[in-house]
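The structure appears below as structure tokens.
The values are calculated or read from the model by the stated rules, or taken from the named source; none is laboratory data. Note that the structure is predicted; figures quoted are calculated from it, not measured. Note that each Cβ is placed from the backbone with ideal geometry, even for glycine, and that neighbours are counted across all protein chains shown. Areas reflect the complete protein model, heavy atoms only, side chains present, ligands, DNA and RNA absent. Shrake-Rupley method; radii C 1.70, N 1.55, O 1.52, S 1.80 Å.
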Amino acid sequence: MDSVLIVSACLVGINCKYNGGNNRCEILVEAFKKGNIVPLCPEQLGGLPTPRPPAKISGKDGRDILNGTGKVLTVEGKQKDVTENFLKGAYETLYAAELLRDRVVACILKEKSPSCGVKKIYKFETDHLKEGLGVTAALLSEKGFKIISSDDIESIEKILREIG
Ligand code: SF4
């Protein structure tokens, strides 16, 4: 069975980012062309529109959203609680990852996103980056999937070589 990588959809150039843009990463686009990539956007899967207001986690990080002690709130204009959308997106992404469980070698997720961040996220209480996981990253990690930051190019190149 061919190995696959679950990848934040914006990293292969899909315009699913909150501002309608993407975070295209050429080596992941090339892997996508070979059929090794499953691109998913948790925020779109959670029912949010694109473009959409940016949102941040209020709480320690995505783990607090999963255990019900944190919230995800929009940060521009009229503040809105989008926690349910973020949770739905995380569980839909997990659903797809579980269907492919035997083939998924890792999930490569966009750093600094409140859904996909692996090492750093923006917190609601401050404008600074803090250590922590996004909601989807936290769920995939909790369920035993290996998660890799989009900033960790060395690890991404290594895993792409391994899966050919
Ligand atoms: Fe979607 Fe994650 Fe990319 Fe944000 S970082 S646009 S949630 S795939």
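Computed values, structure above
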item	result
Scan of the range 60-98 for residues that are in contact (Cβ under 8 Å) with a residue 40 or more places away in the chain and open to solvent by less than 30 Å² (accessible area, probe 1.4 Å), ordered by number	Asp61, Gly62, Ile65, Val72, Leu73, Phe86, Gly89, Ala90, Thr93, Leu94, Ala96, Ala97
Candidate set from the range 40-49 (those that are surrounded by fewer than 22 Cβ atoms within 10 Å (Cβ to Cβ) and more than 8 Å from the ligand (Cβ to nearest atom)); member that is nearest to Glu98 (Cα to Cα)	Leu45
Out of Gly59, Gly20, sole residue that is within 13 Å of the ligand (Cβ to nearest atom), over 14 Å from the mean Cα position of the chain (by Cα) and on the phi > 0 side of the Ramachandran plot	Gly20
Test: residue in the range 77-96 that is touching a Phe, Trp or Tyr at 6+ places or on another chain (Cβ under 8 Å) and either at pLDDT below 95 or of a type in the set (Val, Ile, Thr) (or both)	no
Asn15, sole failed condition from (1) closer than 16 Å to Pro114 by Cα; (2) near the ligand (Cβ under 10 Å from one of its atoms)	(1)
Matching option when the condition is within 12 Å of the ligand (Cβ to nearest atom), modelled with pLDDT of 95 or more and open to solvent by 20 Å² or more (accessible area, probe 1.4 Å), among Cys25, Cys10	Cys25
Failed condition for Leu87, given (1) within 16 Å of the ligand (Cβ to nearest atom); (2) over 29 Å from Phe32 (Cα atoms); (3) hydrophobic (A, V, I, L, M, F, W, C)	(2)
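A quick yes/no check of all residues on (1) open to solvent by 30 Å² or more (accessible area, probe 1.4 Å); (2) at pLDDT 95 or above; (3) touching a Pro at 6+ places or on another chain (Cβ under 6 Å); (4) of a type in the set (D, E, K, R):
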{"site": "Val104", "(1), (2), (3), (4)": "no, yes, no, no"}
{"site": "Cys107", "(1), (2), (3), (4)": "no, yes, no, no"}
{"site": "Lys110", "(1), (2), (3), (4)": "yes, yes, no, yes"}
{"site": "Pro114", "(1), (2), (3), (4)": "no, yes, no, no"}
{"site": "Val118", "(1), (2), (3), (4)": "no, yes, no, no"}
{"site": "Tyr122", "(1), (2), (3), (4)": "yes, no, no, no"}
{"site": "Glu125", "(1), (2), (3), (4)": "yes, no, no, yes"}
{"site": "Glu131", "(1), (2), (3), (4)": "yes, yes, no, yes"}
{"site": "Thr136", "(1), (2), (3), (4)": "no, yes, yes, no"}
